[in-house]
Every structure is written in C-alpha cells, then in structure tokens.
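Scroll down for the structure; my scribbles are underneath it.
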Amino acid sequence: MKDRFWTAPNQITLLRLVFVPFVIMNVMDNNYRWALGLFVAAGVSDALDGLLARVLHQKTKVGQYLDPIADKLLLSSLFLVLSFTRQIPWKYTALVFSRDLSILVISAALYATTSIRDFSPSIFGKVNTVCQVAAIFFVLLSKLDQTDPVLFLRMFFLYATFTFTTVSGIHYVILTGKRLHAANQEQALPTQH
C-alpha cells in the first residue's frame, strides 16, 4: 500500500496540492503573472501525472481519488478567491460549489449505504472541468491582457461553465438514479429464485 501511494504520478498530484496556497496568495496580492504561471504549471502537472500513470502502469486507487480532489481543490479555491476579489461574479462560484457539494454528499451517502463504487465523471463532468479550467485561465489572463479576444473568451468560458455545471449536475442525478435502480434489481434477483 505504501509503495503504491508513493508512485511518481501520485507524488506529482501531491505537488499540485502544494501549488494551491501559492496561486491563491498571488491572486490576493494582485500578482496575476505569477498566479497565471502557477496555474498553468498545475495544469501541466495534471496532464503529466495522468500520462505517467498510463506509461509506467502506475494507476492506483489512491491516485484515482487523489487526482480529482487536487483538481477540485485548486479550481474551487480559485473560483472562491476570484469572486472575493470581484474578478468572477458570485453566481458562477455559487453554482460550482453547489454542484460539487451535492455530488460529494450523494457519493458519500451511496458509498456508505449501497454497493455502488463507480463514481467516475461523465462526459458532461469532464467538459465542465475543461470549461472551469479555461474560465479561470482567461480570467487571470484578462488581468494581464485586455484585448478583445481574451475578454471574449473570458465571458464565453464563464457562460460555458454555468451551462455545463448545470447540465452535468442534472446528468449526475439521472445517472445516480439509474445506478441505484440497477443495484436494487441486482439485490432483488436472488430472492426471486
């Protein structure tokens, strides 16, 4: 277990967690160049740990849980801080937090009370994460570059985040309902014989 925890991909994921307070401090201090650089470095580390896990055949259960936690912590923290500093309207942050908190509560409840263990993100959840990353990237970039394309992409990805956060949240509820129904049918099958 200890060896599986200290794989190269997991160490990179843990390093990404270290980036979080430094990105936040730089946003709070209006050092947007550093904040953007650290955010991009965190994104590169995310791609790198996934690639290494596949290439080195070091996919672990710990990594499967740790990777999305690191992503969510970085993204959620930045949405919060960028709303506090009036760079992102609160409605986006409230929606992102509501969806993530709902999924966390539902997943924990299902884990504790059912045999369901598959909480992998849907295609809508993955698109939503891409939109959130792009929204934060262009919000930070717009503090350094006020050109029309950057400002347009900033608004575009904020709207896309709002849309896909809503769609992926609804889809997750529907998917969970189907998984619960399937799990209940599997439990009912032995009693019918």
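How many of the residues making up the range 131-162 are of a type in the set (Val, Ile, Thr) and loosely packed, with under 15 Cβ neighbours inside 10 Å? Write out each step before concluding.
Residues of the range 131-162 of a type in the set (Val, Ile, Thr): 133, 136, 139, 147, 150, 161.
Now drop any that are not loosely packed, with under 15 Cβ neighbours inside 10 Å, which leaves 147.
Residues in the range 131-162 being of a type in the set (Val, Ile, Thr) and loosely packed, with under 15 Cβ neighbours inside 10 Å: 1 in total.
Here are 141, 95, 101, 82: which of them is at pLDDT 90 or above, in a helix (DSSP H, G or I), within 14 Å of the chain's Cα centre (by Cα) and not basic (Lys, Arg)?
Working: 141 fails: within 14 Å of the chain's Cα centre (by Cα); 101 fails: at pLDDT 90 or above; 82 fails: within 14 Å of the chain's Cα centre (by Cα).
Sole residue among the options that is at pLDDT 90 or above, in a helix (DSSP H, G or I), within 14 Å of the chain's Cα centre (by Cα) and not basic (Lys, Arg): 95.
Give just the number: which of (1) surrounded by 13 or more Cβ atoms within 10 Å (Cβ to Cβ); (2) closer than 30 Å to residue 28 by Cα does residue 167 not satisfy?
(2)
Hey, which of the helices (runs of 4 or more DSSP H) in the range 1-76, taking only ones fully inside, have at least 3 residues that are among the aliphatic types (A, V, I, L, M) and modelled with pLDDT of 75 or more?
Values: elements: 2-5, 8-28, 32-55.
Because the criterion is at least 3 residues that are among the aliphatic types (A, V, I, L, M) and modelled with pLDDT of 75 or more, the helices (runs of 4 or more DSSP H) in the range 1-76 that meet it are 8-28, 32-55.
The values are calculated or read from the model by the stated rules, or taken from the named source; none is laboratory data. Predicted model, so just to flag it, every value in this text is computed and none were measured. As a convention, Cβ positions derive from the backbone with ideal geometry for all residues, glycine included, and neighbour counts pool all protein chains shown.
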